[in-house]
Structures are given as structure tokens and as C-alpha cells.
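Comments concern the structure below.
The values are calculated or read from the model by the stated rules, or taken from the named source; none is laboratory data. Everything numeric here is computed off the predicted structure, so don't read it as measured data. Positions of Cβ are backbone-derived with ideal geometry, glycine not excepted, and every protein chain shown enters the neighbour counts.
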Amino acid sequence: MANEKTHTEQHEFKAEVKQLLNILVHSLYTHKEIFLRELISNASDALDKLRFESNRGTKIVDNELPLEIAISLDNKNNTITIEDTGIGLTRDELIANIGTIAKSGSADFIKQLAENKQSADNIIGKFGVGFYSVFMVASEVEIISKSFKEDSAAIHWKSDGLGSYEIEELEDAKKRGTKIIIHLKEEEKEFTEKYRIESTIKKHSNFINFPIKVENEQINKVSAIWREPKTSVTKEQYNEFYKFLTYDNDEPLDIIHRSVDAPIQFNTLLFIPSRNMDMFGFNREDYGLDLYVRRVLIQHQNKELLPEYLSFIKGVVDSEDLPLNISRETLQENIIFTKISQSVTAQVLSHLDKMAKDEKEKFGKFWKEHNRIFKLGYSDYANREKYAELLRFNSSECKETTDFTSLAEYAERMKKDQKEIYYISGTNRASVEVNPHLEIFKNKGIEVLYLFDPLDEFALNSLMKYKDYEMKSVDQADLSNLDKFENIEKNEEKAEELSKDDSLHFDSLMSKIKEILGDRVKEVRISKRLQDSPACLVNPDGSMSATMQKIMQTMSKDSSIPQKILEVNRDHNLMRNLLKVYKSNPTDEYITNVAEQLYESSLLMEGYLTDPHKLVNRINDLLNKSSDWYTKLKDM
């Protein structure tokens, strides 16, 4: 050292301190680079304290010094020097703050750790020992510090972290602040490389409110704009920060910038990306907000600040009040963090609700890109009402597949005395609109939501109700509830009523069809829902919808065909002709072929037919015979 020293004092640590240091260095921290974050955070705190003293008019020595943190690297001597121009420390302050582990609390800490048999994470927050993470990489550490107070001597502190430290005053003058000289272990030489220090600063300390210079080059050039008033931040600054945060070349779709002062103080800057950044589902775990405490990154991609269904949100949360453990890597489970998480979730949902009302075109873009992730919110019972208002679906009232409606808009269009919101599932709009279950709803002019995504039905089933209206799949609807609604007038002629004799024969025909199909169907009955189709399969009362049934079967790897009810349309021309055949010859093979065809066609519509060979062969046979009939008629 170039400075002249006075008498050196040797301080011995108690025996248990060695054990404590061993825990701190080897058990508490996951990544060795954390030591740099801790020392920079301490330097930033010292600069903040000096600024506070200056603002209240305190006289400060070396007042002309710029407020900054400087890091120099010496590859030859294997050292790192971190220097700040902050408030500095007196001899007593140095012992009290840097020497915290020498206090009796260290023994209490080890005792608690042993008695509770738990990780240090739960109790280490009570001890201010973050500085000692430096001994993960250092064989020896020196501190030279001079207080901002007049007539304060510079103090030299040195320790190898093994059991003692030396402290002494320096006679030579030194500028205000603190210099830490880290003598690295031989195996930690990588930390003398500039790129290694730069990358660590950018990762953990990029938004410290003072310049951080490495070899005279400032590293932290991106400002913490989330701590600035919203009115003072330009669109260009938001876009620049978003691209820095996400590496996305596109501008964000929207920005949420909030500052909360009470009861908990924190800032949020959140972005809604303009496109789905996980289109193919390969990066499902690549989400979470960056959590800062006073501009220092505590956790990258924290997954607890927002529920998974809002994981498309990118951004940062910066807390002033959040208590942390000493490593700053694991958050203590506490009510403050929970309240921050609840508040951030509420901010996002409220913002989306406002966007849906005031900027429908923008909300449409959001829904197109992020709806699949958002629908996962069906399990967020705490925010069920807000979630329900933001759901969107295609419906029978929409003109195009790309159009959508909200539950609120559906409710406004409901018929008088309608008590249920109806929906139907399918792969696309074309397949849904030919589904036989939809026919009675079309005839009654009742709107039906079209669900093209399996998650849609999960969402509606979890809600169960929207306001006072129950959610009902069309294949679960109680048709007696539809009797009160008038049919829409049609031009087609109605089928003639069957005579009493024909009605009896039709009942016998249905028994014949049940005999042909056997246990494959629960029963065969006359349908009240069919208008244009000859037959369809219906779930027994009380069972889940066909779509949910298939999802559950897929999850349990069950490929069996469930036993359902076959409903037939007594007024359909096919059934009337089949009745004539039956009356002529109840054992005619044509009846068997039609019964099988109706059943397998219905299975195909429901998505249960796994082997279409019989159906195709039967169709080909019927086409072949009908072609003969047709040509004979043409020749007549």
C-alpha cells in the first residue's frame, strides 16, 4: 500500500464465525458472480446516502467529486478494485457495518439454522452480511474508506475471511468514499476479464442510478425509465427499453406504466408484445417479469408476479419495500410480495378491460395473438369476473370466422326470458354450422357461441355462469326451455302428419333400429332438435358435452366409443321412405344398411369414428345401386 499506516489492530472472530462464513460462501449463493452485485449495491447505497446529506445541506468533504462507481481490473496481480465516491465510513462505522458478523447474532443465526433444520433463506434476512459473498471468489479483501464528515481519518480494513480482520487508520489523506480491493483466488481469475464484469453488471446492476465505469468506460447506459414519471418518458424511450428487454424488433402493442405509493411502494413497466413470441409452444418456460429492488435485479423472469395466463406480458417490477434474504436470490414468502403480485395482476386486467372498451381494434390484435395463453385463466377464481369480461368467441351472429363477441354482447342480444348461454364446439366454422345439434337453435333464432379451441370449453365450464346466465353446450340443452321461443318462419313445406297406424309402425321401426345397433346405443328415440338432418347422437342426461368427453378420453388414453342416444328425425324424407320399406318388409337388408349408415355418420360428425372403411364401402354400395335406379328412371 502506498498510504502510511498507524498502529494496526487485530480482531479475532469467535469460533462459530468460521462456520457462518462457510454457510454464506458455500450454501447461500447459487452463482459466484453475485458478489459483484452485492458490492455495487452497497456502493449505490453509499452514494444515495451522500446525496441525501447533500440535499439537506450537510457540509461534505470533497464535494466536487462526481457521484459514480469505478471498477478497475488487474489481470497481472489478479485483483479487482471497486471504488465509490459515496458517504464513506469512519472506524466505528466500518466495524459496525462491515464487521456485522462479529456480533453475537452470528451464534444466534447458526443456532436457529440448526434447530429449525431449514435453509438459510428463511432467516438470513435478519443479518446484514451480503458483503461477505465476496469471499466466494477472494483469498483476501482490503477496504480503504473515508467518511464524508470533516476531520475523519481514512481507515484500512483487511481480512482473509477465515477468522480475523485487521483495522487501522491511514495518515495520508484520501478522497471521500470507499475502495474495495479484491485479491482473487487463482481459480477465479475469470473475474479480471472485462467482458465477464460487464456482462454481470448488465445482468444485475444495469439500472443503478449512478454511472458504473469499468476501466473508465460507463457500462450502465440504459436508464430505469420505470421510475420516471409517465409524462416524462417518450414513446421512443419506451420502444428502446422494450427492445433492450425482449430482443423483439417490433414495437410493443401496448404499454402499462404504473407507480404505486400506498400501502406498498413499487413501480411497474409492462409491455404487451404485438405478436405471440411462443407461437409453436417451444418456449413455455421463457416467461416472467424481472424483479428489482431499488434498481437492482433480484430475480430474472420471476414467475410468481403474474399468473401463467398473463405470461405473455414482458416487463419489470421495482419494489422499495420488499424484504429479501441476504442472497437476494430467493424471495421470502411474505404478505408484501403477495400484495404486489395481486396488484400487478389487477393492473394488467384493468388495462385490458379499458383497451377492450376504448380501443376495440387494438384489443382485437391482442386477442388474435395472445388468446390461447389468456384462456388458461379459467382457474383464476379470484379474478373470475374480470377474466369473463375479457373472453371473446366467434358466434352464429358473427359474419366471419375472424369476428368475435364478448359474453356481455351476447347477453345484450339474448331473447326475452332466455336463461342460458349456449355454445357448440368444432374444429372450424364450416364444421360447426352443419352440426345437427345446431338446427333447433337456428330455427329458433337463438345465438350460439362457436368454440374452435378446446380451451374455450374449459374456460366456459370453469365459469359455469356469466352473471345470472348458465353456460350450456347445445348437446346438453334442455329442449323444453326452448319451447317458449317461436320458430322462425320457413318456406319449406312441412311433412305430413303420420297416421295413427304409421305412428305405431314408426315406433316399431325405431325398435328395429335399436335391435340392429344393439348395445352401441343406449336408446333410439324421436328427436325434437333436428330440422334438416335425419339423425344424430345425443349424450344421456347429466353427462358432459361431447367435446369434453373426447378431451377426457384423450387424456386417459381411452379410445372406446361411449354409449349414446340415437335421435331420428321422424319428418325427414329418408326416415319416411325407410318407414315404407319397413311396412313392406321389416327384415329388408336396406333397413340394416341405413341404420348402420345413420349411426356411423353420426359417429363421424361427433369425431368418434376411427375406422371409416365400413362406412365408405356401404356408401359406395348405396351409390352403385342408386346409380342403377337413376339410369333406369332416365331411360323411362
*Residues located in segment 232-259, provided they are part of a helix (DSSP H, G or I) and either more than 17 Å from residue 207 (Cα to Cα) or not charged (D, E, K, R) (or both)*: 232, 235, 236, 237, 238, 239, 241, 242, 244, 245, 246
*Selection count where residues are in contact with a helix residue (DSSP H, G or I) (Cβ under 6 Å, 6 or more places away or on another chain) and part of a loop (DSSP other than H, G, I, E, B), scope segment 580-589*: 1
_Out of everything in segment 47-61 that is out of contact with any helix residue (DSSP H, G or I) (no Cβ under 7 Å at 6 or more places or on another chain), in contact (Cβ under 8 Å) with a residue 40 or more places away in the chain and of a type in the set (A, V, I, L, M, F, W, C), what residue ends up being surrounded by the fewest Cβ atoms within 10 Å (Cβ to Cβ)?_
61
*Report yes if some residue within segment 613-633 is of a type in the set (Lys, Arg) and either crowded, with 19+ Cβ neighbours inside 10 Å or within 28 Å of residue 497 (Cα to Cα) (or both); otherwise report no.*
no
*Does residue 76 satisfy being surrounded by fewer than 19 Cβ atoms within 10 Å (Cβ to Cβ) and at pLDDT 90 or above?*
yes
*Conditions (1) in contact with a His (Cβ under 7 Å, 6 or more places away or on another chain); (2) free of Cβ contacts under 8 Å to residues at least 12 places away in the same chain: number failed by residue 403*: (1)
*asked:* Just to be sure before I move on: is residue 410 of a type in the set (Ser, Thr, Tyr), in contact with a helix residue (DSSP H, G or I) (Cβ under 7 Å, 6 or more places away or on another chain) and either more than 24 Å from residue 569 (Cβ to Cβ) or touching a residue at least 60 places away in the same chain (Cβ under 8 Å) (or both) in the structure I sent?
replied: no
*Can you tell which of 253, 245, 184 is assigned by TED's automatic domain parsing to the domain that holds residue 340 and either closer than 28 Å to residue 45 by Cα or surrounded by fewer than 17 Cβ atoms within 10 Å (Cβ to Cβ) (or both)?*
245
*Could you tell me whether any residue of segment 419-430 is crowded, with 16+ Cβ neighbours inside 10 Å, of a type in the set (Asp, Glu) and touching a residue at least 12 places away in the same chain (Cβ under 8 Å)?*
yes
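Okay, residues lined up against (1) closer than 30 Å to residue 457 by Cβ; (2) outside any loop (DSSP other than H, G, I, E, B); (3) touching a residue at least 40 places away in the same chain (Cβ under 8 Å):
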{"residue": "578", "(1), (2), (3)": "no, yes, yes"}
{"residue": "591", "(1), (2), (3)": "no, yes, yes"}
{"residue": "600", "(1), (2), (3)": "yes, yes, no"}
{"residue": "603", "(1), (2), (3)": "yes, yes, yes"}
{"residue": "619", "(1), (2), (3)": "no, yes, no"}
{"residue": "625", "(1), (2), (3)": "no, yes, no"}
{"residue": "630", "(1), (2), (3)": "no, yes, no"}
